[in-house]
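Quick notes on the structure that follows.
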Amino acid sequence: PPYGVSSDEGMRKSFEGPWEEATVKYNKSKRAEGEETLGPVGEEMLGPLGEDRPDAGCLCAPKFPKVMLNFCDAMRVPLNQSDGPNGKSLPVVQFASSCFYTDEGDTCEVSIIRLGNPANPCSVQWETCPSPYAGKKFIAGGGTIEFGPNELYTVITIQIIANETCESTLEFRLRLFEPEDCTLGLYLKQSTVKILDDDVFPSNKFRALVQMDPSGQSWHDGHAFGILKEYAKFTYHSAPGSKKMFIADQVDNVIFICEIMVLRWLVNALSDRDHILAGMARYPTLLIYGAGLLLPYGITHWLDYLRTTWKVTGDAQRVLRENVLRRYFNQSESRRFPSPTTFVSTFGYDARLLVADAYSQLFIVAQALGRLLISFIFTTIVVTEKELEIVFLGLAPFVVLPLCILIFVRLRWDITEGLQEEIMRVETAMLKKVDAVIDMYRMVADYNSRAVVVEDVIQDIKSANSFITKCAGVMANNIAFVEWVNAILMCGWVIIGGFDVGAGLLEGVETETKHMRLGTFLAMVYVFQSSGAQFHALFSLYLTISRTYPALWRATRFMNLPSDCSRRKDLTQFRVDETIKLMESGMREHPSMLFPLDTVPLIIEDLDFTYSEQGAIQTAIQGVSATIPQGSAAEITGEAGSGKATLLKILGQVLLPEAGMVFIPSHLRVLHITAEINMWPGTLAENIFFGLCASHGLMTDSYKSLPREEIERGWLICRQLRFTEDMQEAAEDLDSSLEVDSLPLSRSQRKLIHLARALIVNPEVLVIHHPAHFLNQAQRNIVSDTFRQWIDHRGLSMDEATRHMRRPRTLIFSSCKNTNSLRCANILIALTKDRPSRIFHYAQT
């Protein structure tokens, strides 16, 4: 039991004090009316809040507006009737949610709501913010939004463009500006739209297979080449310079055949006494052809320089890494990649390997095929001139070499593929072990097991190296086979062709026998060498590209893992729809309330969640129900394994409920803060303004571009949390380049930075895991008082004149023992494994 209390009565006594009378009054009135009550005084055993309510599913429509408004009215929630200047409050216009979701090809509907007095008309301008995806993924727009009398919301539409290219979830931003007869919400005057892509990687040709098995285990065999081909198409359309690269390679082939033709003509001319070059005109003619031989080198040099400006390799890696990173950030928590090391391997090594050893090599393949084709055409022309009567030998490189390579590959395929799969298996096991070793470093060091663990990993490295050595030997033999075949063909051509040329030179020009001329012989030698080199290159490229198949499979598997964005889309739309219904209900039933949504509590009802890991199912929470009024501080406690962290993750919208319901009004921004202290690799100032930069759409290192009043407010919050003098100086030094990891900070000081970052963002609902961890009693009191001021003033260091534009602040945090609790809480939610959750309301002195 939490706090060391062994019974419910003991727990009740541990929180003795003046209980809120509102629950008593509410229960008495409901009993008199014969309606359902919220439970005994101080402990609410919550049941369904609406009539005929479904038991399962988190998206069922609630029927609780009247209950919540009456309950919160009994709790004496302030009604904010005259928060504006001179007692006249202007309405607040803002987006209904901080984030909207839409499918590719659909029309995105974005709701904009008006809070406050709806009696008078007002208007506001809206537009899509500048985005690189405008015109590609959505049609940019803007216009005027007008609210008529008593009109609470309106909907704007944005057309989303569909395509067949796999692009992980993309985002663009919307903003409101130029209000008339109203004010803009301080934070939700901007919102984000996420476009859910329904295409699969690398193309939709594999949609049915991916939907059947996203891991690819059941359809792995037999699709490697098809996936590689579709990946090449995907990258070709994503890297604009690819087409230029392909054309430049074929220009090189044209230059190559021109050089052969000039060489053939020149040698034949020089060996012919009757040719023009034998006369006085040979000098200027030779100068012209000599210059012609230099020109190709100038063109080749120019093309090589242009290739560096087309950024094909950089764009190809950027597109793949960008999609991998976005996919990672939009996966469901239960399907997140198993370890940072594995993700970094896919993001870094696999992406580089696929571009360098697969996609970039395809240009060389295309160039080699083009050169073989143009060489074959040249050889055919020579044959048609009847100068080359040994047709079978002239065409040998284009028939014998590919046939031999195909037979050899077929015979050696099982050996080569088996070794590559074994290398992938051993390296995957080694990577998994190294990742575990890194995670358990502290245990390894504490038990003085460094030498043993290093030796264990070294054995795995030796095992992997033995397979790599075997594979390298097989690859060397494979490549040598092509060289042997080409050398044999070249030897045959030199012997047979050389005899024919020699016979022609000995017999002279008077003979009637047609012999090969010297220029043709040398040109064909050049063709033989080039053709052999191209087939050798093609075979080597095939072996190189085949080594990228494991990386391609890892990227394909990762890119096609299911995302939870579709569920988040449904949940967001549910929250927006129900929030609008509550606004309409509040205006009808409570016309005197300017902000009836401020009285709507956070609802948890019959909540279930289970974890599934490798077939094992573990129930984390079951049947949890609670209400948390806005403007409260709720502490979630319970024994280890009772589901505190899971409940906070669901409230923080990290996990999605499997059954039951969690309802938080859509216009409330929710911020989830982990128990782990996370430090961004940047300065201390960059760390504390990290979340604020994101809300303004700025890069993290652009914190100096934030509004000055926001920066100064952040500094005041740091002072309120009692930053040390050195920490405060580092926070206020916007020009510093000293990263936070270079500062001698204790865990408690890092914890204060962790909390300051959240308070500077100033969300309406703040969900924190164990905020008192690593803090001493004095620091806990400071943090607790700071949170209480944040709740009471709806933000810290904020202008009281804008208080009506801010919604109530709600704090939800967890604790595991009394020493890690905060004294600012006025609601206690106790979780146990074998009983429903219990809720206590108590007053703090």
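The values are calculated or read from the model by the stated rules, or taken from the named source; none is laboratory data. Here the structure is a predicted model, which is why all the values come from computation and not from measurement. Ideal geometry is used to build each Cβ from the backbone, glycine not excepted, and the neighbour counts take in all protein chains shown. Accessible surface is based on the protein model in full, side chains and every heavy atom, while ligands, DNA and RNA are left aside. Shrake-Rupley method; radii C 1.70, N 1.55, O 1.52, S 1.80 Å.
All conditions in (1) open to solvent by 10 Å² or more (accessible area, probe 1.4 Å); (2) under 27 Å from R803 (Cβ atoms); (3) among the hydrophobic types (A, V, I, L, M, F, W, C); (4) assigned to a helix (DSSP H, G or I) hold for A730, with the sole exception of (2).
This table checks each residue for (1) open to solvent by 10 Å² or more (accessible area, probe 1.4 Å); (2) in a strand (DSSP E or B); (3) of a type in the set (S, T, N, Q).
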| residue | (1), (2), (3) |
| --- | --- |
| G143 | yes, yes, no |
| P149 | yes, no, no |
| T157 | yes, yes, yes |
| S168 | no, no, yes |
| E171 | yes, yes, no |
| R175 | yes, yes, no |
| P179 | yes, yes, no |
| D198 | yes, no, no |
| F206 | yes, no, no |
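Checking each residue in the stretch 512-564 for being among the hydrophobic types (A, V, I, L, M, F, W, C), open to solvent by 10 Å² or more (accessible area, probe 1.4 Å) and not in a helix (DSSP H, G or I) picks out only L561.
Mind listing whichever residues of the stretch 217-250 are among the hydrophobic types (A, V, I, L, M, F, W, C) and either touching a strand residue (DSSP E or B) at 6+ places or on another chain (Cβ under 7 Å) or surrounded by 14 or more Cβ atoms within 10 Å (Cβ to Cβ) (or both)?
Matches in the stretch 217-250: W219, A224, I227, L228, A232, F234, A239, M245, F246, A248.
Of the residues making up the stretch 814-845, just one is farther than 25 Å from T786 by Cβ, modelled with pLDDT of 70 or more and open to solvent by 40 Å² or more (accessible area, probe 1.4 Å), namely K833. Among residues of the stretch 460-473 that are assigned to a helix (DSSP H, G or I), those with a beta-carbon under 7 Å from a residue that is surrounded by 11 or more Cβ atoms within 10 Å (Cβ to Cβ) and of a type in the set (K, R) at least six positions away or on a different chain give the pairs D460/K433. Taking Q789, is it touching a Ser or Thr at 6+ places or on another chain (Cβ under 9 Å) and either assigned to a helix (DSSP H, G or I) or acidic (D, E) (or both)? It is false that Q789 is touching a Ser or Thr at 6+ places or on another chain (Cβ under 9 Å) and either assigned to a helix (DSSP H, G or I) or acidic (D, E) (or both). In a residue-by-residue description of the stretch 640-658, the property of being surrounded by fewer than 23 Cβ atoms within 10 Å (Cβ to Cβ) and assigned to a strand (DSSP E or B) applies to no position. Among the residues of the stretch 783-804, just one is farther than 15 Å from P763 by Cα, surrounded by fewer than 18 Cβ atoms within 10 Å (Cβ to Cβ) and touching a helix residue (DSSP H, G or I) at 6+ places or on another chain (Cβ under 8 Å), namely A801. Screening Q779 against (1) crowded, with 20+ Cβ neighbours inside 10 Å; (2) under 30 Å from T627 (Cα atoms); (3) in contact with a helix residue (DSSP H, G or I) (Cβ under 7 Å, 6 or more places away or on another chain) leaves a single unmet condition, (1). Please tell me if T313 is open to solvent by 50 Å² or more (accessible area, probe 1.4 Å) and either at pLDDT 85 or above or more than 27 Å from the chain's Cα centre (by Cα) (or both). Here the answer is yes, as T313 does meet what is asked. When the stretch 473-488 is limited to residues that are open to solvent by 60 Å² or more (accessible area, probe 1.4 Å) and out of contact with any Gly (no Cβ under 9 Å at 6 or more places or on another chain), the one that is modelled with the lowest pLDDT turns out to be N477. Condition first: of a type in the set (A, V, I, L, M, F, W, C), assigned to a helix (DSSP H, G or I), exposed (fewer than 12 other Cβ atoms within 10 Å of the Cβ) and at pLDDT 75 or above. Can you find one or more residues in the stretch 383-395 that meet it? No.
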